[in-house]
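Written out below as structure tokens is the structure these notes cover.
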Amino acid sequence: MTEEDPKTSFTELDARLRAARSREDERVTRETATAPEKPGAGAAMRIAVEMISALLVSGGIGWFLDDWLGTRPWVMLAMLLLGCGIGLRNTYRTAMRLNADLHEGIPSQDNVAKPPED
Amino acid sequence: MSAEKHSPLAQFEIKRLVDIDIAGIDASFTNSSLWMIITIVAITLMLTMSMRGRAMVPGRWQSVAELSYEFIAGMLRENVGSQGRKYFPFVFSLFMFILFSNVLGLIPYSFTSTSHIIVTFGMAIVVFLGVTLIGIIRHKAKFLSLFAPAGVPMFLMPLLIPIEVISYLTRPVSLALRLFANMMAGHTLLKVFGGFVVALGVFGVFPLVAIVALYGLELIVAFLQAYVFTILTCLYLNDAIHLHH
Amino acid sequence: MPQLIITDFSPQLVWLVISFLALFLVMWKVALPRIGDVLEARQERVTNDLEKAESLRGEADDAIKAYETALSEARASAHNTAQAARDEMNAKADAKRGEVEAKLSGQMAEADARIAAAREVAVGHIRTVASDTAKSVAARLIGVDVDDAALEAAVASSMTEGK
């Protein structure tokens, strides 16, 4: 009967040890997880920002080219047209990259939630 | 003057507190400068005072300091890899500076330095030039392959390369514009609703509810924009180091 | 829009550079190493403690195993000792019993012999008594003095008949 006592306290200790180990492993893996971002929040703002940036840059380059070549306003107009396309492309790209970053984080968190039992 | 004070845009005005001129450059100490100093003092106090005990079991403030450290370290590791470790102090300072500017700017009667395009553009251009320099130093002429997508027919190159170059040049502008626009929009909206509360008197409770909700939203935006600015910096750094999109 | 006043650009840029540079230096040289050290120390401590706890747990397991084998060994040896003692005692008891039995059977045989001798003597007496009686009876009744030899034979035959 006296042998029973240390054994039950050991199973308890084992459980606590396992818990501590899995908590520690979880913490280590969670370090790599990323913060959540609300998808779709401020979509209009994002598109506007990308479009205006692209138009500003390509329009600016066109302006300087016009100055240099003396072709005002043609190069700038062409560049603004190109800027629209670039802006759309950048909107898509930035969204993809920020999303890809999000999706990498989510499954790793799922794995962490259920540590393998042994 | 009083009419201008109530304009939602009045909060963005730069007020010179001390006129300073260094070698012909206007370096006056303004309300913007004041809040920048408050920002960096707040960050420094939070990160050094909380770590004073260097406790094994962290208290609340030490946890916050450690969490922010691990958050940025994780972001850099995940998006750039081990080679990004060198740039950790810069990326961390960038994130904290933007985050604290955004959040401190939400205090009534304070000033948001990140709601000025010149400030956000200043930071964006530093990131852009720094990242470009890192890429050129690391890869020399091979850095230009960033503008020539692989597996594209030769005859399309004359069209694609300018597009890629313009896209690349767009980065600092969109980086600056995104932060500036979000901060300015949020603060203007808060001010407008605040004006409604005052104007409506007793019925001001309705816009007051809206203000509370908006305030919560702005706190999220403040964090999110600091996060987006930082993570895009990480992604651009990754492009420069590993030469792929 | 106050953000587009070009003359306000230069003071903002100057102070952005000053404050950001100051922040960067403080973060780089003071704050981040401090946090990093604490995190590293804690990480080390946690890893060490966990490993220590796990190795101690292993040691405890070994101790239990050693204890159990010692216990079973002790049990086996105790069993053996008891068995040996029992065997010895059994042997001793057996020997004693054999001794006693032998003694008893000797005494029994002796007694038997004594009884047999006594009977012999008694039977001898009976014979003399019988022949004397027969002699006197014959002398009285028929006035015949019976020959001693004949008398003896008759008595012997009647005694064997009577038996």
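Observations on the structure shown:
- Of all residues in region A:81-96 being surrounded by fewer than 16 Cβ atoms within 10 Å (Cβ to Cβ), modelled with pLDDT of 90 or more and aliphatic (A, V, I, L, M), the one that is nearest to residue B:177 (Cα to Cα): A:88
- Odd one out for residue B:39 among (1) surrounded by fewer than 17 Cβ atoms within 10 Å (Cβ to Cβ); (2) within 8 Å of chain C (Cβ to nearest Cβ); (3) touching a residue at least 60 places away in the same chain (Cβ under 8 Å): (1)
- With respect to the conditions (1) away from chain A (no Cβ under 14 Å); (2) buried (at least 20 other Cβ atoms within 10 Å of the Cβ); (3) not hydroxyl-bearing (Ser, Thr, Tyr), residue B:171 lacks only one, and its number is (1).
- Scanning region B:227-245 for residues that are within 11 Å of the chain's Cα centre (by Cα) and within 12 Å of chain A (Cβ to nearest Cβ) yields B:227, B:228, B:229, B:230, B:231, B:232.
- On the stretch given as region A:39-55, residues that are touching a residue at least 24 places away in the same chain (Cβ under 8 Å) and under 17 Å from residue B:171 (Cβ atoms) total 8.
- Among residues of region C:8-37 that are within 7 Å of chain B (Cβ to nearest Cβ) and more than 30 Å from residue B:56 (Cα to Cα), those with a beta-carbon under 8 Å from a residue that is outside any helix (DSSP H, G or I) and aromatic (Phe, Trp, Tyr) at least six positions away or on a different chain give the pairs C:11/B:29; C:15/B:29.
- Test: residue in region C:9-24 that is exposed (fewer than 12 other Cβ atoms within 10 Å of the Cβ) and either of a type in the set (A, V, I, L, M, F, W, C) or assigned to a helix (DSSP H, G or I) (or both): no
- Filtered residues of region B:169-184 (kept if free of Cβ contacts under 8 Å to residues at least 24 places away in the same chain and closer than 10 Å to residue A:90 by Cβ): B:170, B:174
- Restricting attention to region C:36-59 and to residues that are hydrophobic (A, V, I, L, M, F, W, C) and surrounded by fewer than 14 Cβ atoms within 10 Å (Cβ to Cβ), the residue that is farthest from the chain's Cα centre (by Cα) turns out to be C:41.
- Unmet criterion (only one of (1) over 19 Å from the mean Cα position of the chain (by Cα); (2) more than 12 Å from chain C (Cβ to nearest Cβ); (3) not in a helix (DSSP H, G or I)) for residue B:110: (1)
- Residue match in region B:78-98 (condition: over 17 Å from the mean Cα position of the chain (by Cα), more than 10 Å from chain C (Cβ to nearest Cβ), touching a residue at least 60 places away in the same chain (Cβ under 8 Å) and not in a helix (DSSP H, G or I)): yes
- Where a residue in region C:118-136 is closer than 14 Å to residue C:152 by Cβ and its partner, wherever it lies, is among the acidic types (Asp, Glu), with Cβ under 7 Å and at least six apart: C:131/C:152
The values are calculated or read from the model by the stated rules, or taken from the named source; none is laboratory data. All of these numbers come straight from a predicted model, not from anything done at the bench. So basically every Cβ, Gly included, is an ideal-geometry build from the backbone, and we count neighbours across all protein chains shown.
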